[in-house]
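I have placed the structure first, in the form of structure tokens, so that the comments after it can refer back to it.
The values are calculated or read from the model by the stated rules, or taken from the named source; none is laboratory data. As the structure is a computational prediction, the values presented were derived from the model and not from experiment. In this analysis, Cβ positions are derived from the backbone assuming ideal geometry, glycine residues included, and neighbour counts consider all displayed protein chains.
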Amino acid sequence: MHYRKFLNSYLKFTLTAISVFFFLSILSANLHAESILPDQAITDVACIANPVKKFAGVEMVLVTRNSMSQFWISRYEVTQELYESVMGINPSYFKGNMLPVEHVSWFNAVEFCNKLSIRGKLNPYYNIEKKKDDPGNGIYGNNWIVTINKNADGFRLPDSKEWEYAARAGSTGKYFWGDQMNGDYCWYSDNSGKKTHPVGTKIPNTYGIFDISGNVREWCFNFQHSPFGLFRLVRDGHYSLDEDEMQIDKSDFRSPQFDFGFIGIRLVKNK
């Protein structure tokens, strides 16, 4: 009798132990799977979310066009605070430290790039010869000769194709968010009150770039020939344009000698 009771107790204990072991094995497998899945998810996100890094205090996103072409582009339009700290002046009509700088000419923009590069101990991207007139620039105002140091690691202006690639961030619609205007993503004529607004207050594109549509237009390096000399391309819409002019494929050109109240700066840097 005692032997039978002992055997029954032993069998119950053994079955319980096996059940606990089996349960713990499943739990362990699930816990292990859970410890892997977030890493896998992060890997998937990393394929979409672009690396971010600061250079001379400027937060920039790495954009990869292909295996041979990468560049950094600033997440925000250059603010008045940054511009004044480098150039010693704030030419903007609408004043505010975190507002985008405006009323800057193309020549102001390339000089700002070089001065910020020097401050950040980077190699200036531009050669600027202020004492020589560039006959291609026509007869108006400042006619400096500006050439590039192609392999320099300093700040520069985007070219028009770089700008559009970064602005689209893989999208194919009229705007980077789709085909219908949505004021949550940009400052334009219907929601701006006809003035600029602090940078980074609207929803960014999927690369994490803010105000790539709206607020102020942005100088590009590319030029456009005209009967009056070389004009420089500008991209992006601005605070007083309507929704049609905010479409991402729109471009315009302006004289590099003149400053305009709706054109600012977005920085690019070679990889």
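Candidates 174, 194: the one that is of a type in the set (Lys, Arg), farther than 26 Å from residue 128 by Cα, buried (at least 16 other Cβ atoms within 10 Å of the Cβ) and out of contact with any strand residue (DSSP E or B) (no Cβ under 8 Å at 6 or more places or on another chain) is 174.
Evaluated against (1) within 29 Å of residue 205 (Cβ to Cβ); (2) buried (at least 19 other Cβ atoms within 10 Å of the Cβ), residue 143 falls short on exactly one condition, (1). Looking for something in a strand (DSSP E or B), out of contact with any helix residue (DSSP H, G or I) (no Cβ under 6 Å at 6 or more places or on another chain) and touching a residue at least 60 places away in the same chain (Cβ under 8 Å) - is there at least one such residue anywhere in segment 200-222? Yes, there is a match, as at least one residue in segment 200-222 is in a strand (DSSP E or B), out of contact with any helix residue (DSSP H, G or I) (no Cβ under 6 Å at 6 or more places or on another chain) and touching a residue at least 60 places away in the same chain (Cβ under 8 Å). Scan 118, 73, 89 and give me the residue that is touching a helix residue (DSSP H, G or I) at 6+ places or on another chain (Cβ under 6 Å) and either buried (at least 23 other Cβ atoms within 10 Å of the Cβ) or at pLDDT 95 or above (or both). Testing whether each residue is touching a helix residue (DSSP H, G or I) at 6+ places or on another chain (Cβ under 6 Å) and either buried (at least 23 other Cβ atoms within 10 Å of the Cβ) or at pLDDT 95 or above (or both) leaves just 73. Within segment 236-255, residues that are on the phi > 0 side of the Ramachandran plot have Cβ atoms under 9 Å from residues that are acidic (Asp, Glu) and assigned to a loop (DSSP other than H, G, I, E, B) in these pairs: 236/77; 236/211, counting only partners at least 6 apart in sequence or on another chain.
In the condition set (1) in contact with a helix residue (DSSP H, G or I) (Cβ under 9 Å, 6 or more places away or on another chain); (2) more than 19 Å from residue 260 (Cα to Cα); (3) buried (at least 20 other Cβ atoms within 10 Å of the Cβ); (4) not charged (D, E, K, R), residue 167 is compliant with all but (1). Whether a residue is within 19 Å of residue 64 (Cα to Cα) and outside any loop (DSSP other than H, G, I, E, B) was assessed, and residue 164 passes this test.
The rows are residues; the columns are (1) modelled with pLDDT of 95 or more; (2) touching a Ser or Thr at 6+ places or on another chain (Cβ under 6 Å); (3) closer than 23 Å to residue 146 by Cβ.
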| residue | (1), (2), (3) |
| --- | --- |
| 164 | yes, no, yes |
| 173 | yes, no, no |
| 178 | yes, no, no |
| 182 | yes, no, no |
| 194 | yes, yes, no |
| 204 | yes, no, no |
| 213 | yes, no, no |
| 223 | no, no, yes |
| 236 | no, no, yes |
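Within segment 97-106, if we keep just the residues that are in contact (Cβ under 8 Å) with a residue 60 or more places away in the chain and under 21 Å from the mean Cα position of the chain (by Cα), the residue that is surrounded by the fewest Cβ atoms within 10 Å (Cβ to Cβ) turns out to be 98. From the list 173, 237, 183, the lone residue that is assigned to a loop (DSSP other than H, G, I, E, B), closer than 24 Å to residue 90 by Cα and under 20 Å from the mean Cα position of the chain (by Cα) is 237.
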